[in-house]
Amino acid sequence: MTTAYISHQDCGLHNMGPEHPESPIRLHAIQRVLERSGLIEQLLSLQAPHVEPEQIKRVHAELHQTRLEMKLPTEGVVYTDEDTALCPDSLHAASLSAGGAVLATDQVLSGQVKNAFVATRPPGHHAEFKAAMGFCFYNNVAIAAAHALAHEGIERVAILDFDVHHGNGTVDIFKDRPEVLVCSTFQHPFYPERYCEIDRPNIINCPLAAFSPASEWREAVEKRWLPALEEHKPDMIFISAGFDAHKEDPMADLNLEEEDYRWVTEQLMAVAHKHCKDRIVSVLEGGYNPIALAFSVLAHLEALSA
(Lines give C-alpha, C1' and ligand atoms only; values in the text may rest on other atoms or scores of the structure.)
Protein backbone atom coordinates (compact mmCIF):
# COMPACT_ATOMS: atom_id res chain seq x y z
CA MET A 1 0.00 0.00 0.00
CA THR A 2 1.09 3.52 -0.74
CA THR A 3 1.25 6.87 1.06
CA ALA A 4 -1.07 9.69 0.06
CA TYR A 5 0.31 13.19 -0.45
CA ILE A 6 -2.45 15.78 -0.21
CA SER A 7 -2.04 19.44 -1.10
CA HIS A 8 -3.64 22.24 -3.13
CA GLN A 9 -2.10 25.14 -5.04
CA ASP A 10 -4.70 27.54 -3.62
CA CYS A 11 -3.16 27.16 -0.18
CA GLY A 12 -0.59 29.58 -1.56
CA LEU A 13 -3.24 32.30 -1.87
CA HIS A 14 -3.17 32.88 1.89
CA ASN A 15 -0.51 35.58 2.11
CA MET A 16 0.18 37.70 5.18
CA GLY A 17 2.85 39.79 3.50
CA PRO A 18 6.47 39.42 2.34
CA GLU A 19 7.96 39.61 5.83
CA HIS A 20 5.71 37.00 7.41
CA PRO A 21 7.41 33.64 8.10
CA GLU A 22 4.30 31.56 7.36
CA SER A 23 4.50 32.19 3.63
CA PRO A 24 3.53 30.38 0.42
CA ILE A 25 7.24 29.67 -0.14
CA ARG A 26 6.98 26.87 2.41
CA LEU A 27 4.82 24.65 0.20
CA HIS A 28 6.76 25.55 -2.95
CA ALA A 29 9.99 24.38 -1.28
CA ILE A 30 8.45 21.08 -0.19
CA GLN A 31 7.04 20.39 -3.65
CA ARG A 32 10.33 21.18 -5.37
CA VAL A 33 12.41 18.89 -3.13
CA LEU A 34 9.91 16.03 -3.45
CA GLU A 35 9.98 16.39 -7.24
CA ARG A 36 13.77 16.55 -7.46
CA SER A 37 14.18 13.55 -5.17
CA GLY A 38 11.74 11.52 -7.27
CA LEU A 39 9.77 10.55 -4.17
CA ILE A 40 6.66 12.35 -5.40
CA GLU A 41 6.32 9.67 -8.10
CA GLN A 42 5.95 6.99 -5.43
CA LEU A 43 3.12 8.78 -3.62
CA LEU A 44 -0.58 9.03 -4.39
CA SER A 45 -1.00 12.77 -5.00
CA LEU A 46 -4.47 14.14 -4.26
CA GLN A 47 -6.00 17.61 -4.19
CA ALA A 48 -7.43 18.82 -0.92
CA PRO A 49 -11.19 19.53 -0.94
CA HIS A 50 -12.98 22.14 1.17
CA VAL A 51 -13.93 21.21 4.71
CA GLU A 52 -17.64 20.94 5.57
CA PRO A 53 -19.10 23.30 8.21
CA GLU A 54 -20.30 20.40 10.34
CA GLN A 55 -16.75 19.02 10.41
CA ILE A 56 -15.49 22.33 11.80
CA LYS A 57 -18.25 22.39 14.42
CA ARG A 58 -17.10 19.08 15.89
CA VAL A 59 -14.10 20.87 17.42
CA HIS A 60 -14.84 24.60 17.28
CA ALA A 61 -17.51 26.79 18.82
CA GLU A 62 -20.78 27.14 16.89
CA LEU A 63 -19.97 30.66 15.68
CA HIS A 64 -16.20 30.24 15.20
CA GLN A 65 -16.38 30.06 11.40
CA THR A 66 -18.95 32.87 11.22
CA ARG A 67 -16.78 35.19 13.32
CA LEU A 68 -13.83 34.61 11.01
CA GLU A 69 -15.96 35.20 7.91
CA MET A 70 -17.18 38.50 9.37
CA LYS A 71 -13.55 39.66 9.76
CA LEU A 72 -12.49 38.62 6.25
CA PRO A 73 -11.34 41.69 4.29
CA THR A 74 -12.22 42.37 0.64
CA GLU A 75 -8.70 43.72 0.16
CA GLY A 76 -5.53 44.07 2.17
CA VAL A 77 -4.85 42.32 5.47
CA VAL A 78 -6.76 42.31 8.77
CA TYR A 79 -5.09 40.96 11.91
CA THR A 80 -7.05 38.70 14.26
CA ASP A 81 -4.15 38.93 16.72
CA GLU A 82 -0.58 40.24 16.51
CA ASP A 83 0.61 37.12 14.65
CA THR A 84 -2.39 36.02 12.60
CA ALA A 85 -3.73 37.88 9.60
CA LEU A 86 -6.60 37.40 7.18
CA CYS A 87 -6.35 38.35 3.53
CA PRO A 88 -9.29 37.93 1.10
CA ASP A 89 -8.28 34.32 0.28
CA SER A 90 -7.27 33.19 3.76
CA LEU A 91 -10.42 31.27 4.66
CA HIS A 92 -10.50 29.66 1.22
CA ALA A 93 -7.00 28.31 1.94
CA ALA A 94 -7.90 27.40 5.54
CA SER A 95 -10.92 25.43 4.35
CA LEU A 96 -8.71 23.47 1.94
CA SER A 97 -6.15 22.89 4.68
CA ALA A 98 -8.74 21.40 7.02
CA GLY A 99 -10.44 19.57 4.16
CA GLY A 100 -7.14 17.98 3.19
CA ALA A 101 -6.82 16.52 6.68
CA VAL A 102 -10.34 15.09 6.44
CA LEU A 103 -9.61 13.59 3.01
CA ALA A 104 -6.43 12.03 4.37
CA THR A 105 -8.45 10.46 7.19
CA ASP A 106 -11.00 9.03 4.76
CA GLN A 107 -8.29 7.64 2.50
CA VAL A 108 -6.59 5.86 5.39
CA LEU A 109 -9.80 4.61 7.00
CA SER A 110 -11.05 3.22 3.70
CA GLY A 111 -7.82 1.27 3.26
CA GLN A 112 -7.00 2.98 -0.02
CA VAL A 113 -3.64 4.07 1.41
CA LYS A 114 -1.51 2.98 4.37
CA ASN A 115 -0.94 6.51 5.62
CA ALA A 116 -1.08 10.10 4.42
CA PHE A 117 0.76 13.41 4.65
CA VAL A 118 -1.14 16.68 4.28
CA ALA A 119 1.03 19.49 2.86
CA THR A 120 -1.30 22.44 3.25
CA ARG A 121 -1.37 25.83 4.93
CA PRO A 122 -2.36 27.72 7.00
CA PRO A 123 -1.44 25.40 9.88
CA GLY A 124 -3.86 24.58 12.67
CA HIS A 125 -2.60 23.36 16.03
CA HIS A 126 -2.81 26.74 17.81
CA ALA A 127 -6.49 27.25 16.91
CA GLU A 128 -8.49 26.74 20.11
CA PHE A 129 -12.15 25.89 20.57
CA LYS A 130 -13.19 29.55 20.38
CA ALA A 131 -10.11 31.34 19.02
CA ALA A 132 -7.89 31.63 15.97
CA MET A 133 -4.27 32.36 16.89
CA GLY A 134 -0.65 31.63 16.07
CA PHE A 135 -1.07 31.65 12.26
CA CYS A 136 -3.98 29.18 12.66
CA PHE A 137 -7.71 29.54 11.89
CA TYR A 138 -9.13 25.98 11.99
CA ASN A 139 -7.46 23.20 13.94
CA ASN A 140 -6.81 20.85 11.04
CA VAL A 141 -5.52 17.86 12.99
CA ALA A 142 -8.32 18.15 15.57
CA ILE A 143 -10.94 18.25 12.80
CA ALA A 144 -9.39 15.14 11.27
CA ALA A 145 -9.23 13.29 14.59
CA ALA A 146 -12.86 14.12 15.42
CA HIS A 147 -13.84 13.00 11.93
CA ALA A 148 -12.14 9.66 12.54
CA LEU A 149 -13.89 9.22 15.88
CA ALA A 150 -17.24 9.59 14.11
CA HIS A 151 -16.47 6.38 12.19
CA GLU A 152 -17.48 2.97 13.47
CA GLY A 153 -14.56 1.06 14.89
CA ILE A 154 -12.50 4.12 15.83
CA GLU A 155 -12.88 4.55 19.58
CA ARG A 156 -9.50 5.97 20.59
CA VAL A 157 -7.02 8.14 18.71
CA ALA A 158 -3.67 9.73 19.51
CA ILE A 159 -2.29 13.07 18.33
CA LEU A 160 1.50 13.42 18.45
CA ASP A 161 2.81 16.97 18.09
CA PHE A 162 6.54 17.56 17.55
CA ASP A 163 6.26 21.20 16.48
CA VAL A 164 8.59 23.48 18.46
CA HIS A 165 5.56 25.42 19.69
CA HIS A 166 3.10 23.79 22.04
CA GLY A 167 -0.13 22.61 20.40
CA ASN A 168 -2.32 24.60 22.77
CA GLY A 169 -5.35 24.51 20.51
CA THR A 170 -5.36 20.73 20.26
CA VAL A 171 -5.02 20.45 24.03
CA ASP A 172 -7.84 22.95 24.58
CA ILE A 173 -10.18 21.01 22.28
CA PHE A 174 -9.45 17.53 23.64
CA LYS A 175 -8.41 18.14 27.26
CA ASP A 176 -11.62 16.61 28.60
CA ARG A 177 -11.98 13.86 26.02
CA PRO A 178 -10.09 10.82 27.37
CA GLU A 179 -10.51 8.93 24.10
CA VAL A 180 -7.97 11.36 22.58
CA LEU A 181 -4.36 11.14 23.76
CA VAL A 182 -2.39 14.32 23.00
CA CYS A 183 1.41 14.19 23.31
CA SER A 184 3.49 17.26 22.63
CA THR A 185 7.19 18.16 22.72
CA PHE A 186 7.93 21.88 22.64
CA GLN A 187 10.40 24.57 23.62
CA HIS A 188 9.53 26.14 26.98
CA PRO A 189 9.13 28.86 28.06
CA PHE A 190 8.03 29.94 24.62
CA TYR A 191 4.99 30.90 22.55
CA PRO A 192 2.09 30.37 23.18
CA GLU A 193 2.47 29.58 26.92
CA ARG A 194 -1.09 28.29 27.14
CA TYR A 195 -2.11 24.89 28.55
CA CYS A 196 1.54 23.88 28.91
CA GLU A 197 1.08 22.99 32.60
CA ILE A 198 -2.37 21.42 32.37
CA ASP A 199 -2.84 18.20 34.35
CA ARG A 200 -4.92 15.59 32.56
CA PRO A 201 -4.28 11.83 32.13
CA ASN A 202 -4.70 12.12 28.35
CA ILE A 203 -2.37 15.14 27.94
CA ILE A 204 1.37 14.39 27.85
CA ASN A 205 3.29 17.68 27.74
CA CYS A 206 7.07 17.45 27.33
CA PRO A 207 8.62 20.93 27.65
CA LEU A 208 12.25 21.33 26.59
CA ALA A 209 14.60 24.16 27.42
CA ALA A 210 16.03 26.29 24.62
CA PHE A 211 19.19 24.81 23.09
CA SER A 212 18.42 21.32 24.40
CA PRO A 213 20.23 18.64 22.40
CA ALA A 214 18.28 16.30 20.16
CA SER A 215 19.05 13.48 22.60
CA GLU A 216 16.77 15.09 25.22
CA TRP A 217 13.96 15.34 22.68
CA ARG A 218 14.41 11.68 21.73
CA GLU A 219 14.41 10.74 25.41
CA ALA A 220 11.08 12.54 25.91
CA VAL A 221 9.58 10.57 23.03
CA GLU A 222 10.93 7.27 24.33
CA LYS A 223 10.11 7.74 28.02
CA ARG A 224 6.87 9.76 27.81
CA TRP A 225 5.19 9.30 24.43
CA LEU A 226 5.79 5.62 23.76
CA PRO A 227 4.59 4.33 27.17
CA ALA A 228 1.50 6.56 26.94
CA LEU A 229 0.76 5.23 23.47
CA GLU A 230 1.21 1.65 24.66
CA GLU A 231 -1.30 2.25 27.44
CA HIS A 232 -3.80 4.14 25.24
CA LYS A 233 -3.71 1.66 22.34
CA PRO A 234 -5.08 4.07 19.73
CA ASP A 235 -7.10 2.89 16.76
CA MET A 236 -5.50 5.63 14.64
CA ILE A 237 -2.55 8.01 14.97
CA PHE A 238 -2.45 11.64 13.92
CA ILE A 239 0.74 13.70 13.73
CA SER A 240 1.00 17.46 14.05
CA ALA A 241 4.15 17.60 11.96
CA GLY A 242 5.87 20.88 12.70
CA PHE A 243 9.49 21.04 11.57
CA ASP A 244 10.48 24.29 13.30
CA ALA A 245 12.47 22.50 16.01
CA HIS A 246 15.13 22.07 13.30
CA LYS A 247 18.47 23.62 14.24
CA GLU A 248 18.36 25.89 11.16
CA ASP A 249 14.86 27.25 11.84
CA PRO A 250 14.77 30.99 12.62
CA MET A 251 11.72 30.81 14.88
CA ALA A 252 13.10 28.78 17.79
CA ASP A 253 16.13 27.34 19.57
CA LEU A 254 16.03 23.55 19.48
CA ASN A 255 18.51 21.38 17.63
CA LEU A 256 16.74 18.71 15.61
CA GLU A 257 17.89 17.54 12.19
CA GLU A 258 16.29 15.62 9.36
CA GLU A 259 17.33 12.26 10.81
CA ASP A 260 15.55 13.06 14.07
CA TYR A 261 12.31 13.48 12.14
CA ARG A 262 12.94 10.22 10.30
CA TRP A 263 13.56 8.51 13.66
CA VAL A 264 10.37 9.74 15.33
CA THR A 265 8.33 8.81 12.27
CA GLU A 266 9.71 5.28 12.44
CA GLN A 267 8.87 5.08 16.15
CA LEU A 268 5.28 6.12 15.53
CA MET A 269 4.97 3.75 12.57
CA ALA A 270 5.96 0.88 14.84
CA VAL A 271 3.18 1.84 17.27
CA ALA A 272 0.72 2.17 14.39
CA HIS A 273 1.68 -1.25 13.08
CA LYS A 274 1.09 -2.81 16.51
CA HIS A 275 -2.16 -1.07 17.44
CA CYS A 276 -3.64 0.84 14.48
CA LYS A 277 -3.38 -1.37 11.39
CA ASP A 278 -0.66 1.09 10.24
CA ARG A 279 -3.16 3.98 10.13
CA ILE A 280 -1.39 7.35 10.35
CA VAL A 281 -2.40 10.82 9.13
CA SER A 282 0.32 13.46 9.35
CA VAL A 283 -0.57 17.14 8.97
CA LEU A 284 1.94 19.92 8.32
CA GLU A 285 2.26 22.55 11.04
CA GLY A 286 5.35 24.81 11.37
CA GLY A 287 8.75 25.02 9.74
CA TYR A 288 10.03 28.40 8.60
CA ASN A 289 13.41 27.79 6.99
CA PRO A 290 12.21 26.60 3.58
CA ILE A 291 15.26 24.44 2.89
CA ALA A 292 15.31 22.78 6.34
CA LEU A 293 11.54 22.35 6.14
CA ALA A 294 11.61 20.71 2.72
CA PHE A 295 14.36 18.21 3.55
CA SER A 296 12.76 17.40 6.92
CA VAL A 297 9.47 16.66 5.16
CA LEU A 298 11.41 14.50 2.69
CA ALA A 299 12.85 12.42 5.56
CA HIS A 300 9.40 12.18 7.17
CA LEU A 301 7.80 11.02 3.93
CA GLU A 302 10.60 8.59 3.11
CA ALA A 303 9.90 6.91 6.44
CA LEU A 304 6.10 6.97 6.01
CA SER A 305 6.33 5.45 2.52
CA ALA A 306 8.94 2.81 3.35
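The values are calculated or read from the model by the stated rules, or taken from the named source; none is laboratory data. Here the structure is a predicted model, which is why all the values come from computation and not from measurement. Positions of Cβ are backbone-derived with ideal geometry, glycine not excepted, and every protein chain shown enters the neighbour counts.
So residue 1 fits all but one of (1) of a type in the set (A, V, I, L, M, F, W, C); (2) closer than 25 Å to residue 191 by Cα; (3) part of a loop (DSSP other than H, G, I, E, B); (4) more than 19 Å from the chain's Cα centre (by Cα); what number is the exception? The single condition residue 1 does not satisfy is (2).
Among the residues of region 226-248, count how many are under 17 Å from the mean Cα position of the chain (by Cα) and farther than 23 Å from residue 102 by Cα.
Residues flagged as under 17 Å from the mean Cα position of the chain (by Cα) and farther than 23 Å from residue 102 by Cα within region 226-248 amount to 3.
Among the numbered conditions (1) modelled with pLDDT of 95 or more; (2) over 16 Å from the mean Cα position of the chain (by Cα), the only one that residue 96 does not meet is (2).
Yes/no per residue for (1) in a strand (DSSP E or B); (2) free of Cβ contacts under 8 Å to residues at least 60 places away in the same chain; (3) closer than 29 Å to residue 23 by Cα:
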site	(1), (2), (3)
227	no, yes, no
244	no, no, yes
250	no, no, yes
262	no, yes, yes
267	no, yes, no
277	no, yes, no
282	yes, no, yes
288	no, no, yes
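Would you confirm whether or not region 167-184 contains a residue that is assigned to a loop (DSSP other than H, G, I, E, B) and touching a residue at least 40 places away in the same chain (Cβ under 8 Å)? Don't jump to the end; show me each part of the working.
So the first thing to find is which residues in region 167-184 are assigned to a loop (DSSP other than H, G, I, E, B), and the list is 167, 175-179.
So of that shortlist, the ones also touching a residue at least 40 places away in the same chain (Cβ under 8 Å) come out as 167.
Taking every residue of region 167-184 in turn, at least one turns out to be assigned to a loop (DSSP other than H, G, I, E, B) and touching a residue at least 40 places away in the same chain (Cβ under 8 Å).
I want to confirm something. Restricting to region 129-140 and keeping residues that are buried (at least 24 other Cβ atoms within 10 Å of the Cβ) and free of Cβ contacts under 8 Å to residues at least 60 places away in the same chain, which single residue is nearest to the chain's Cα centre (by Cα)? If you could, list the steps in order and put the result at the bottom.
Applying the first criterion (buried (at least 24 other Cβ atoms within 10 Å of the Cβ)) to region 129-140 yields 132, 134-140.
After this cut, where a residue has to be free of Cβ contacts under 8 Å to residues at least 60 places away in the same chain as well, the list is 134, 136.
On the way: 134: 13, 136: 11 Å.
Among those residues, the one meeting the criterion is 136.
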